[in-house]
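Scroll down for the structure; my scribbles are underneath it.
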Amino acid sequence: MRVIGMMSGTSYDAVDAAAADLGLVGDTLTLDPLGLVSRPYGDRLREALARVLPPASTTVAEVCRLDTLIGRAFAAVAVEADRELCSGRAELVASHGQTVHHWVERGRALGSLQLGQPAWIAEATGLPVVADFRPRDIAAGGQGAPLVSLFDLLWLRGRPGTPVALNLGGIANLTAPDGTAFDTGPACALIDAAVRDATGEQTAYDVDGALAARGAVHEPLLRRLLDEPYYALPAPKTTGKELFHGGYLREALAGFPGLPVRDVVATLTRLTARTVAGAALAVRATEVIASGGGTRNPVLMRMLGAELAGVPLRVSDELGVPAAAKEAYAFAVLGFLTVRGLPGTVASSTGARRPSVLGSVTPGRAGFPPGPPDDTRPPVRLVVGRAPGGS
């Protein structure tokens, strides 16, 4: 089945669409990557989205408006991905949408809201769309995240030692071979917030780690940041910009007036490296395989490598999965499993009572996707083919 997986992460900078040919033979899932299309949100949409994200307040009218506008943005990218990557022969779209709130109280996830109405994607492409992935796991007692953990476990099965998959987006999450999976804390969220504040929203992130490279880590600020109670919570646990946002950073900076932005960014980069490495070492990682936008920050990767104290740090491209597209491919896999009637979660990863078939299906012009074959069974491994190219 040819599937387009779509998402926009907690950095809310672009819509990613990765296409893959997926197959299930016996207990082996095969993924042949077809490429990635990534298109930035328009300035007005990005600004509107920024205005409603935590800790800001909003109205139901604005949420309704954004659900449509984000849905239309996803639909346009889906049409482009089908045309450019699939020659118009895609069979399914799996859309994670845009997370705007992840509701956690006392360590328990109670809800998660993703905007980007899938009906716009189905109408534009004519294809069935699987969306709204997180709520079913939350209803089963899980955190609803990290949903990439099943992909990671299938993909890395059979590698020697304790390979740990790491995603560096706005928030960092990892998956260990025993099924332990959790958000470690911020990856780029606080770095991005510092850069936006310093530039009046003119620059969204620390391009190539240039600010961090010129700065010096401010140890008193780092110690204050490391006192955050979230880091000491046991897994499974999840977090987001409900906690790690610009206001959180401004509060942490109180008492350090006049600290140069380059030193703030260097300190936040070290915070990410320290907390991520600490989490990886706590699960006894023998190698860390990273993906996500944070891998493009060479200063973050150098700091992380140093904090890992000799544990090899690799980028997922070395194993055939493009770092920029991994999460979108993961949602393609989850959508494929949903239409096969197969669970998309690992209970030990999310803390749920049981694995769940995820999402809701919006029919395409031809109706719902075909049902699963009678002999369908859950995969135990994922084999990634060689990408023939991309966009």
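The values are calculated or read from the model by the stated rules, or taken from the named source; none is laboratory data. This is a predicted model, so every value here is computed, not measured. Cβ coordinates were reconstructed from backbone atoms using ideal geometry, including for glycine residues, and neighbour counts include every protein chain displayed. These accessible areas exclude ligands, DNA and RNA; they are computed on the full protein's heavy atoms, side chains included. Shrake-Rupley method; radii C 1.70, N 1.55, O 1.52, S 1.80 Å.
So what's the gap between the Cα centers of region 181-242 and region 1-27, to the nearest angstrom?
27 Å
Given the protein chains as shown and a 1.4 Å probe, how many square angstrom of residue 120 are accessible, to the nearest 10?
Using a 1.4 Å probe on the heavy atoms, I get roughly 90 Å².
Want the number for residue 108 to residue 250: 0.36 nm per residue separation, take away the alpha-carbon distance, what's left?
Stretched fully, the residue 108-residue 250 segment lengthens by 48.5 nm.
Just to make sure I understand: if all protein chains stay in place, what is the order of 248, 205 by accessible area at 1.4 Å, largest first?
205, 248
Only bridges whose two residues both fall in the chain count here: according to DSSP, what percent of them are antiparallel, nearest 5? Mind showing how you got there, number by number?
Working: 38 of 58 bridges.
Taking every DSSP beta bridge with both residues in the chain, the antiparallel ones total about 65 percent.
Tell me the relative contact order for the chain as a rounded percent, counting alpha carbon contacts under 8 Å between residues six or more apart.
On the way: 909 pairs, mean separation 100.3, N = 391.
After rounding, I find 26 percent.
Please report, in debye to the nearest 20, how large the charge dipole of region 91-206 is about its Cα centre when each Lys and Arg carries +1 at its beta carbon and each Asp and Glu carries -1 there. Let's see the in-between values first.
Values: 7 positive and 12 negative charges, 75 e Å.
Dipole about the Cα centre, nearest 20: 360 debye.
Running a GNM on the chain with Cα contacts under 10 Å, which residue among 144, 97, 23 ends up with the highest mean-square fluctuation?
Checking each option, the largest mean-square fluctuation is seen for 23.
Classify region 18-158: rounded, prolate or oblate, from the alpha-carbon gyration tensor (a ≥ b ≥ c, eigenvalue square roots; a/c under 1.5 rounded; otherwise prolate if a/b is larger than b/c)?
Working: a/c = 2.21, a/b = 1.18, b/c = 1.87.
Taking the square roots of the gyration eigenvalues as a ≥ b ≥ c, region 18-158 is oblate.
From the list [x] 1.26; [y] 0.94; [z] 1.19, can you say which value of Cα Rg over 2.2 N^0.38 Å was derived from the structure given?
Comparing each candidate, only [y] matches the computed number.
Which shape class applies to region 20-103: rounded if a/c is under 1.5, otherwise prolate when a/b exceeds b/c and oblate if not, where a ≥ b ≥ c are the square roots of the Cα gyration tensor eigenvalues?
prolate
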